[in-house]
Structure formats: structure tokens, C-alpha cells
Amino acid sequence: MRNRSLLFILPFSLAACSSVLDVAPTNSIPAETAISDIFGARSALTGAYNALQSTSYYGQSYLNFTEVVSDNAAKSGTLTTFADADADNLRADNAEVTGMWNAAYDAINRANQLIQKVPGITQASATERDEILGEAHFLRALHYHNLVRLWGGVPLRLEPSDAPADAASITRSTSAEVYTQIRADLDQAEQMITNTDQTRQASLGAAYSLDARVRLYQRDWAGAEAAAATVESMGYDLAEDFDDLFTASGDDTDEDIFRVTFTPAQDNFVGYYYLTRSLGGRYEAAPTTSIIAAFDPASGGVITNYHPTDVRGIKSVARDGSRTYSPKFNTAVGDEDIHVIRFAEVILIRAEALAQLNRLTEAVDEYNRLRVRAGLAADPNTGRTQADVLAAVARERRLELAFEGDRWADLVRTGAATTLMGIPAEKTLFPIPQREIDTAPGITQNPSY
């Protein structure tokens, strides 16, 4: 196994960098040289996807840290950044928060380089240029949605950042303005992408799936339902066995829509942070009594009483001696692929949108597909109230997507972070990293920080 001492360095080295808004792209070759022909564009596109592998992004923080902020996971190790998250005491100098912000803007900068330079490449076919551009627009939409979910309105950088002076005058855009840009990027992606069968690159299905997610967050119920229905018509299906979605080797399933690829050389720390030390992990985050009780109400949240019949609960919560841990990402090596969006989430998006549209029978039939796959009895689809069905969808989202980085954002968008966890509404957004404000005084801090 590799030396994991880097674990203690990476988040702090990211935070120690100057503002990500005032540095040139993290490429070893100058962008004006790198993207001068189709070969450079292809390499730059690979670099844009590689940005997702950052330890401060899908390589760890975006999954583990955000779950600790929520009611799914609790701090179980020694990192003060996680302790602050668990105590709902985030500060503007939290290294994990800064690292996630930096990683997202680094990824946006890579997408911006492609969007600016690829149209000028003349020796490539229009089809290939459009495919690269469509994927870059998809990636930029994904990054900005990840930012707006956690921070609210953020600075909109739509051109490459090549000079430190670029950052001094930048200001925050509103959440509405960020969402307008996200939708514009997704429109471009849906028009330009023709690939329909990739899962480790953006496909047309990935673009419509992200579109459905974005519309759900905007409370555009009809739009979310329509986008999710479009994805359902594309031939995706649920994996037969829930366990197949999280194999150490990243095996393909019919449920895969968009995943981040990891290898032993380009690894993630997601499982490493959840697994106990005796299983080779660091054990920085552990399941809460709340999620234990959600999977097995009869347990009362006590792990010694935990006997779930839901296969998702068996996969998500386990014991190692006296310790409770999540085996969902079951290797400390970190070479399993990480789902950014999978077909089960699309089903849940459609179910929630249908319920909001008061199409209750359809909504229940939709989410029952996940219950049946999990080995549970289907819920009745008649005699239900809208409130009851919406609560059932929320429950299924929590159980299906546990520890995949969605819980905190779901709590915030539904208001449950306040009503369920008791967190003041003004503290449900993350703090803007202090280094960003120091670099660009026009960026205002979120309330309460």
C-alpha cells in the first residue's frame, strides 16, 4: 500500500496557496501552446477530467467532508477540519472548505481554456470540436452547480484566468445568475455532445441527468421531470445488484451515467477516510446514529441492534469490533471509480418532481423501483397524500445516496438543515475562503462568518 502521509499535507497545501482566482491554470504547458491543435485539445480535455480527481474534490472532500456536515456522518478521527464540520462550526480558514473551493475553480479554469481556444482549431472536424466543447460546457456546469449548492452565489469566471491582476476586481454573482449560466452551459452541452455510451466522459445522458438535477434545485418541477424522463428513454437501467455499483475495480453497470476514474496511481481517499484502521483506513468519518436508525428503525440507532433488511443498509453501515464504519467504498487503495451521477438519482429526481406535480401514483411507482432493488416491499401507490409521498422520496434519497456527497445539499435545498438539524438558515451556506476575500475585496462573505 502506498504511503498515506500525503494525506496530512494535501488539504493544507491547497489552503496555503494564494487565491485560486489569482493564479494561472495548473498545467505544465502554457495554455496558449497546449491548445493550439487538436492533439493539444484532446490532452487538455483529459486534464479537465483529471481535475475531478483532486483530493479536495471527488477524490475525498466533496464526498466525505460534506457528509460530516450533514446528519449522515460524524467526525471519528483527529482532523480539526472535520471536527469543526461535525460541530457546525465552519470558519473561513477551514482547509477543507478552502480546498474544495480551489479545486472547483481550478477545474473551471481548465474548462474555460477549452471553451475559449477550441473554436479556433481549424484542422479538426466540426464534429470533434463540438464534442470537446460540449463536454467542456458540461464540466463547467457541473462545477458551478457544485459551488452554488455549497456557497450560494459565487464569482462567475467564464474566461481563463492567466494573470493575478484578473482577480482584484472580481465580485460575487447571485445564485440566480449562477444558475442562468449553468443552464446556458447545459444547453450548449445538449446541443454539441453526440456521444451516448461513455460513462467516464460526459455523454448526452450525463448532460440531461445534470440538467434534471439542476432543475430540481431550482424547483422547476416540470422541467426536472421532463429531463429525467428523457434520460429514462435512453436505455439506462438499475444495476441488478446494489453491490455491483461499488466494486473495487469499478466494474461497468447499466446504471452508470457519469463517473470519475481512479487507479492505484491516480487514487482517491474516499474509502480510506471511512474504513477503520484495522481495515487499512484512516477512519475520519463514521455513520451517525441517525443514519443507522434510518436504515433500521428497530435498532434505535444502536449499532449492536442493527439488523437491516435493506441491502443498501448492509452496504452502507457495518461494525468492526467496537467501531461503526461505512463499507460502501470498500477499499483503502482508492482505485474504485466514483459516481458523479447514476441512474438511481435520476429516478429519484423524477419521483420528487412527479410528487411536487401531484402525480402521486407515478411518483410512488418511480421510487418503488429502488425499494424493490433493495429487497424491500413496494410502497402502496394509492391512498397517499402529497406530503407523505414527498417524505417517502426524501427517505429513499437519503438511503440510496448515503455517503455519496448529496445529503448536505439535500438538507439545505429542502430546508431540513434548519428544521431537522436545527442549523440557523444563515449558516447553511459554507464560508467564502478568507484568502479569496483578501485577494478580491469585492467578494462579500456569507452571513454569520
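The values are calculated or read from the model by the stated rules, or taken from the named source; none is laboratory data. The structure displayed is predicted, hence computed values, not measured ones. Positions of Cβ are backbone-derived with ideal geometry, glycine not excepted, and every protein chain shown enters the neighbour counts. In case anyone asks, the SASA skips ligands and DNA or RNA and just uses the protein heavy atoms, side chains included. Shrake-Rupley method; radii C 1.70, N 1.55, O 1.52, S 1.80 Å.
Tabulated data
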| item | result |
| --- | --- |
| Those residues of the range 180-222 which are open to solvent by less than 30 Å² (accessible area, probe 1.4 Å), more than 16 Å from the chain's Cα centre (by Cα) and over 18 Å from Thr127 (Cβ atoms), in sequence order | Asp185, Leu186, Gly205 |
| Meets criteria (basic (Lys, Arg), surrounded by 14 or more Cβ atoms within 10 Å (Cβ to Cβ), assigned to a loop (DSSP other than H, G, I, E, B) and modelled with pLDDT of 95 or more) for Arg259 | no |
| Test: Ser161 is of a type in the set (Gly, Ala, Ser) and within 21 Å of the chain's Cα centre (by Cα) | no |
| Of all residues making up the range 317-331, the number that are crowded, with 17+ Cβ neighbours inside 10 Å and either touching a Lys or Arg at 6+ places or on another chain (Cβ under 8 Å) or outside any loop (DSSP other than H, G, I, E, B) (or both) | 5 |
| Residue identified as part of a loop (DSSP other than H, G, I, E, B) and at pLDDT below 95 among Asp252, Asp237 | Asp252 |
| The lone exception for Tyr306 - which of (1) more than 24 Å from the chain's Cα centre (by Cα); (2) among the hydroxyl-bearing types (Ser, Thr, Tyr); (3) open to solvent by 30 Å² or more (accessible area, probe 1.4 Å) it fails | (3) |
| Test result for Tyr273, in contact (Cβ under 8 Å) with a residue 24 or more places away in the chain, of a type in the set (Phe, Trp, Tyr) and assigned to a loop (DSSP other than H, G, I, E, B) | no |
| Scan of the range 283-303 for residues that are buried (at least 18 other Cβ atoms within 10 Å of the Cβ), over 16 Å from Leu401 (Cβ atoms) and of a type in the set (Gly, Ala, Ser), ordered by number | Ala286, Ser299 |
| Helices (runs of 4 or more DSSP H) contained in the range 30-79 and holding at least 1 residues free of Cβ contacts under 8 Å to residues at least 40 places away in the same chain and surrounded by fewer than 21 Cβ atoms within 10 Å (Cβ to Cβ) | 31-34, 38-50 |
| Tally, over the range 416-437, of residues that are open to solvent by less than 30 Å² (accessible area, probe 1.4 Å) and over 19 Å from Asp93 (Cβ atoms) | 4 |
| Residue in the range 190-201 that is in contact (Cβ under 8 Å) with a residue 12 or more places away in the chain, part of a helix (DSSP H, G or I) and closer than 30 Å to Ala92 by Cα present | no |
| Members of the range 118-133 that are assigned to a helix (DSSP H, G or I) and either open to solvent by 40 Å² or more (accessible area, probe 1.4 Å) or farther than 17 Å from Thr46 by Cα (or both) | Pro119, Gly120, Ala126, Thr127, Glu128, Arg129, Asp130 |
